[in-house]
Number of protein chains: 8
Amino acid sequence: MWTVYLSGEIHTDWREQIIAGCAELELAIQFTSAVTDHQSSDAAGDHLRDNENPFWRDHQSAKVNAIRTKTLIEQADLVVVRFGDKYKQWNAAFDAGYCAALGRPYITLHDEAIIHPLKEVDAAALAWAQTPAQVVEILRYTLTA
Amino acid sequence: MWTVYLSGEIHTDWREQIIAGCAELELAIQFTSAVTDHQSSDAAGDHLRDNENPFWRDHQSAKVNAIRTKTLIEQADLVVVRFGDKYKQWNAAFDAGYCAALGRPYITLHDEAIIHPLKEVDAAALAWAQTPAQVVEILRYTLTA
Amino acid sequence: MWTVYLSGEIHTDWREQIIAGCAELELAIQFTSAVTDHQSSDAAGDHLRDNENPFWRDHQSAKVNAIRTKTLIEQADLVVVRFGDKYKQWNAAFDAGYCAALGRPYITLHDEAIIHPLKEVDAAALAWAQTPAQVVEILRYTLTA
Amino acid sequence: MWTVYLSGEIHTDWREQIIAGCAELELAIQFTSAVTDHQSSDAAGDHLRDNENPFWRDHQSAKVNAIRTKTLIEQADLVVVRFGDKYKQWNAAFDAGYCAALGRPYITLHDEAIIHPLKEVDAAALAWAQTPAQVVEILRYTLTA
Amino acid sequence: MWTVYLSGEIHTDWREQIIAGCAELELAIQFTSAVTDHQSSDAAGDHLRDNENPFWRDHQSAKVNAIRTKTLIEQADLVVVRFGDKYKQWNAAFDAGYCAALGRPYITLHDEAIIHPLKEVDAAALAWAQTPAQVVEILRYTLTA
Amino acid sequence: MWTVYLSGEIHTDWREQIIAGCAELELAIQFTSAVTDHQSSDAAGDHLRDNENPFWRDHQSAKVNAIRTKTLIEQADLVVVRFGDKYKQWNAAFDAGYCAALGRPYITLHDEAIIHPLKEVDAAALAWAQTPAQVVEILRYTLTA
Amino acid sequence: MWTVYLSGEIHTDWREQIIAGCAELELAIQFTSAVTDHQSSDAAGDHLRDNENPFWRDHQSAKVNAIRTKTLIEQADLVVVRFGDKYKQWNAAFDAGYCAALGRPYITLHDEAIIHPLKEVDAAALAWAQTPAQVVEILRYTLTA
Amino acid sequence: MWTVYLSGEIHTDWREQIIAGCAELELAIQFTSAVTDHQSSDAAGDHLRDNENPFWRDHQSAKVNAIRTKTLIEQADLVVVRFGDKYKQWNAAFDAGYCAALGRPYITLHDEAIIHPLKEVDAAALAWAQTPAQVVEILRYTLTA
């Protein structure tokens, strides 16, 4: 049983595609990830106290989210980091750097159009995939070849 | 003598402002950073072999650059990570994640306009500054207060 | 299944409230903690040998207690550290510092009245909660959102 | 040359006594510590931005202070942690826990009256001293015997 | 479920006493130890090749034994190190030092007659017991109090 | 239950002999290894993208293989590294060095004819075996003596 | 001042070429390496005791050599690992694996003819160079660009 | 400049012989060790407080001594551990185990008569020497060959 953490972009169904592809192959993988509902994630700390200052509101929620993400990344055997073509996605690059320093293997998943700005992130990755199906194939190979 | 690594954006003179500000105060700090000449950095591995494929060209240069950046970040007492308002700057976020996993303290330097996409990066930082002068003040306080 | 260690104050029922709140939500959490019976804890080493000197009696019992606390904190995924308004509670702050150096995430639980003396402890925490219900909400979010 | 970090209580001259005692013996020790001016320390982050909420003001300053304290504790060969008879001094106990988890040796310095609440902190220490002169004697022995 | 490694002296039935005492109390402990049959242990590597030189015979067997002992000590939650009044038992003191550097908690078990030569070993231990029954009591307290 | 990783030579049936020998003795061991089908292994990354340059083709596949090998070596309790008399087998020596730096125990398996070029690799190993049957005997002793 | 360890092949003057090239550029580098005199290295432990068995003679010398190599590799900022076209050179691949597990950056130096057997070693390297001059250029760039 | 810690037996002049031998060869070595005056060492903590109980007196002094020994062992590049033919010398075996778990290389120095009880300690050492002159020769080779 491997644990694979799915990090990054939350606007397309790449997570579902990978999970479904692995389920079809009956691979023994437990998938984990950050909370992917954008509004819940932004509000994760709001019940603790209201903050007029948006910096502290974000700070408070980001730390509550880190309880989950930090622990799950450290428990993962492999991390997949997805970059889309919109938004800054600095949290995805942050997760990749976190994995690199921990020695936790990760795969990047992104289009060819953004290989240049991702060169440092890709250089420390063990693979660059362009499609969820390629990630599934890497997982199939890794677990069953 | 402290060592401070300056990571991130290379299009404005924020590094020079911090270095000059600390020099004026005669703070005992050695500053280090990645190679900040964009073209040299992109070409760092070109002398090893030509690659038609832009992915491998970037890969090769990014790894050569990592010899410098990885070593200097691990030797630093403090890292300052600067995010500008243009470009993806995923390498800056990657460096922040790397620092977080190592337990190496870092400060972020960016405008208020981008606090939301940087919330995870800021949550693991020890300070968020908006101007180089604020970074200099933190360094002055840390070394001489 | 997460493991959550409950550290600190032993005079109110905050542990029971958190455990009951999580049970109601059927969260998959195993709770651990130090021995919370004050007299048993103070006497933990008395069967080894009597000590006239109270320093060595305390020393001997504190070390026996550390067999349990050190191991359980290192095995925890998350630690909750509770500070009441009475007593010194230096062991709670000690546990927080221990977590910080290990990179083990922790939440503090205390009233607003003592935020100033706890500022260093809170600065390294991932959340500050004022009520057990807020801790339960963080756990619910972390495990099920 | 040893580096000794002096942590804790800031209302008496125990630091000066230790430093003077070691100077008299010409021991090759560099002493470091947190910023011990209470008001400067509380205001360490105020130049970054004002916060109406006292929690965030403390949070911001405590993190700026951590840039100094975390780095200096990790660089120290030995830490002396002083507990006075007033105030909560949770930051001192936090520093002791931080040292314990890092494996950094530390000595406690406190009166006999508070050995019971400090039993966990003392149990992980390599010595308990009651006077600055005893700390000086330990340093003399360690460096020159 | 805790794992407790029993290290040291092999000529009396202290292991059996501890195991039986814990079984009676139904403590959830898995006990491990080195191979305690002296002749098997000395001959552990003999099937690999004969050595005329007794140093290399011992060397070869000691390394084969280390496959077991090193792994089991690193997997243990607690180690009990027993010193008898005969023989050198340097391997027991070696195991204690190994535990100390790993941060693995250990208890020593020995008579009062040898406290002086064991002072360094005892100083890094979390308890000194004189009888197997005291060890059982520590385990009962640690697991069930 | 122990986990034993079998590294190195893929042209003879040494893996099968060890696995069968342990099965006969009913030893509780889970065996893992790299993908041992040579062609699959060389092609592990081909589905990601074609590379005209053989260096990058190998690079890409070797990194995909590392997802499996790095993780399984780090999860193993013991590694067996087999060197045959043909081919360079630098990956086997690389795995041995990786184990040595991690502190993961390993056994080498090779003929007497190559003890000289393997002296550094053998010096950090816990045993040198010449036959699969000797490895089985070490495993039997380690798990059941 | 950087420290660069030169590992591997001892039959050509690649070390001298790198050292001379860096000297010409006045790069602030301290070079270290194993003892490169083959006979001295093989005889490193002979003064301790004679061994009829060649395995133990090699074992004894290899361990004495490890006092030097292990310490110098751990102190290096960068390692260059050279593979020639003759001999097994398993110690070079072992050093590369050791660096990989430590997170110590390394460069490989070898001809194109052997990229396939070195694919795992190259996959974890930060650069592959074919000539000493390329290594010098990487060092120049890393230290002075 | 290497740092070599000399651990163990304090009744013969083996330390002086090694230091003199290295001085003659002008080897750049800084030697460190525990306090070797037996009475000072036993009394190291007596100034802190008197203890009627000999266990606590030893405990207190052993911990004060550990401030020195733990720090110096961790700073050493190499440790020499000497076992004489008298006394228990459990602290020497403890130091060897401490080095083994840290990955700090060590050499043992003892007569042939005690190879059997020292087999575990020797198995983790990088060399066994019988005379101080052999240790000097290893140091000469390591630093200057």
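Derivation of every value follows stated rules applied to the coordinates shown; laboratory data play no part. Since we're looking at a predicted model, the values are computed, not measured. A quick note on method: Cβ atoms are made from the backbone with ideal geometry, for glycine too, and the neighbour counts reach across all protein chains shown.
Each Lys or Arg adds one and each Asp or Glu subtracts one; over the other residues with Cβ under 12 Å from the Cβ of residue G:93, this totals -2. Applying the Karplus relation 6.51 cos²θ - 1.76 cosθ + 1.60 with θ = phi - 60° to the stretch E:132-145 yields 3J(HN,Hα) values of x, 4, 5, 5, 4, 5, 4, 5, 4, 4, 5, 8, 10, 5 Hz, where x marks Gly and Pro.
In this rough spin-label picture, where each label sits 7 Å from Cα along the Cβ direction, the residue D:111-residue G:38 distance is 7.6 nm. Report the Cα centroid-to-centroid distance between the stretch F:13-39 and the stretch A:78-105 in angstrom, as an integer. With the stretch F:13-39 and the stretch A:78-105 each reduced to a Cα centre, they are spaced 36 Å. For residue C:45, the residues 5 or more places off, or on other chains, whose built amide H falls under 5 Å of its own are C:61.
Charging the Cβ of each Asp and Glu at -1 and of each Lys and Arg at +1, and nothing else, the dipole of chain C about its Cα centre rounds to 380 debye. Helix B:90-102 and the longest principal axis of the C-alpha atoms of chain B enclose an angle of approximately 60°. Near residue C:137: Cβ cut-off under 13 Å, other residues only, Lys/Arg at +1 and Asp/Glu at -1. The net charge is 0.
Phi angles across the stretch C:28-40 convert, under the Karplus curve 6.51 cos²θ - 1.76 cosθ + 1.60 with θ = phi - 60°, into 3J(HN,Hα) values of 7, 10, 9, 9, 10, 6, 5, 5, 9, 7, 4, 5, 4 Hz, Gly and Pro given as x. Taking amide H as placed 1.01 Å from N in the peptide plane, residue F:84 has its amide H under 5 Å from the amide H of F:9, each at least 5 places away in sequence or on another chain.
Legend: mean number of C-beta atoms from other chains within 10 angstrom of residue C-beta atoms, peptide G:82-94, equals 6.
Put simply, the amide H of residue C:33, placed in the peptide plane, has neighbours under 5 Å in C:6, leaving out anything fewer than 5 places away on its chain. Pull out a ≥ b ≥ c, the square roots of the eigenvalues of the alpha-carbon gyration tensor of the stretch E:67-145, then state rounded if a/c is under 1.5, prolate if not and a/b is larger than b/c, and oblate in the remaining case. Cα axes put the stretch E:67-145 in the oblate bin. Rounded to whole numbers, the Karplus 3J(HN,Hα) couplings from phi for the stretch B:76-88 are 6, 7, 8, 10, 10, 10, 9, 10, x, 9, 10, 6, 7 Hz, using 6.51 cos²θ - 1.76 cosθ + 1.60 with θ = phi - 60°, and x at Gly and Pro.
Rounded to the nearest 20 debye, the dipole size of the stretch D:16-87 about its Cα centre is 260 debye, using +1 on the Cβ of Lys and Arg and -1 on the Cβ of Asp and Glu. Scanning chain G for the Cβ atom closest to the axis that brings G onto A yields residue and whole-Å distance G:103, 3. Counting only DSSP H runs of at least 4 residues, each contributing -39500 (n - 2.57), and dividing by the residue count of chain E, the helix-based mean residue ellipticity at 222 nm comes to -14500 deg cm²/dmol. Neighbouring Cβ atoms from other chains, within 10 Å of the Cβ of residues in B:128-138, number 3 on average. For the protein assembly as shown, place one equal point scatterer on every Cα, skip the solvent, and apply the Debye formula. What is log10 of I(q)/I(0) at q = 0.06 Å⁻¹? After summing over all Cα pairs, the log10 values are -0.48. Considering only the other residues whose Cβ falls under 9 Å of the Cβ of residue B:60, what net charge follows from Lys and Arg at +1 and Asp and Glu at -1? Overall, the nearby charge balance is +1. Judged by the gyration tensor of its Cα atoms, with axes a ≥ b ≥ c, the stretch G:50-103 is oblate; a/c meets the 1.5 cut and b/c is at least as large as a/b. Across all C-alpha atoms in the stretch F:1-112, the radius of gyration and Dmax reach 15.0, 49 Å. With chain F treated as a Gaussian network of Cα nodes joined by springs under 10 Å, which of F:127, F:96, F:66 yields the largest mean-square fluctuation? Of F:127, F:96, F:66, the Gaussian network model singles out F:66 as fluctuating most.
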